[in-house]
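Every read-out reported here was derived from the displayed coordinates using simple, explicitly stated rules and does not represent laboratory data. No experiment lies behind these values; they were computed from the predicted model shown. Virtual Cβ from ideal backbone geometry, glycine too; neighbours counted across all protein chains shown.
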Amino acid sequence: MTARSSANRYARALLDVARAEADPQAVEQELAALVELFHGHADLWKTMTNPAVPVTRKRAIVETLLPKLGLTRVVEKLLVLMTNRDRIALFPDLLGAYRSRLMDYLQVVRANVTSAVALPADRVAALEASLGALTGRKVLMTTSTDAGLMGGVVTRIGSTVYDGSVARQLQKMKERLAGNA
C-alpha cells in the first residue's frame, strides 16, 4: 500500500474521530503544527523516520514531547498510534489528506483566478459569490495576474478549468478558421 493511500485511510478515520470528540479545525491546526515541528527539527525527523531506531526509543521521545505540545486528546492518540506503528513519516501526507477531507466536510472549495490585470476588490467579491453559486459551496479564492491572457479570467477549481481569457478566445477562432480553410 502506498504512503498516500495509507495517509488517506488515517485521514478518514481521524476526521470521523475529530467530528465526534473534538473540533476538526483545531485538529487540522495541530497536525500542521506537528508537521512543522518535525520539519523544523531535522534531527528529530531523521530519528523518528529512521527504521533502524527502535520503536521503543521513538515512543520514549514522543512521551517526553507530549506534555510540552499541549495537543488535544485526539491528536495525542494519533501521534502515539503512528509512533507505535512506526508511521511518523506519513504525517506530511496525512496533513494534506486531512485538509482535503476537512474542506469537503466544511463544504469549502479553493479556487484560483488568474486575470490579465489585478481585479478590484468588488469584482473579486462578485466573482467569489458567482463561484459559490456555481459550486454550491463556500469558495476560498486566490487571485493572480498573467499579462499573456490579454483580458478575461481563467478560473481553476480543483481539476476543472474555466478559461474565459481573450487569449483562449483568439486561439479558438484561429482553430476554427484553420479548420474551414
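Cβ crowding within 10 Å ranks Leu31, Leu170 as Leu170, Leu31, fewest other Cβ atoms first. Put in line by how crowded their Cβ is, counting other Cβ atoms within 10 Å and starting with the fewest, Ile61, Ile88, Ile157 read Ile61, Ile157, Ile88.
Beta bridges from DSSP with both residues in segment 108-180: antiparallel share about 55 percent, rounded to the nearest 5.
Would you calculate, for the chain, the mean residue ellipticity at 222 nm contributed by helices, counting each DSSP H stretch of 4 or more residues as -39,500 (n - 2.57) and dividing by all residues, to the nearest 500? Theoretical 222 nm ellipticity from helices: -21000 deg cm²/dmol.
Across segment 1-146, Cα pairs under 8 Å and at least six residues apart give a relative contact order of 29 percent. The value of relative contact order for segment 108-180, using C-alpha pairs under 8 Å at least six residues apart, is 38 percent. Of the complete DSSP H runs in the chain, those spanning 15 angstrom or more by Cα along the long axis with a mean Kyte-Doolittle score not below 0.5 are 73-84, 121-135.
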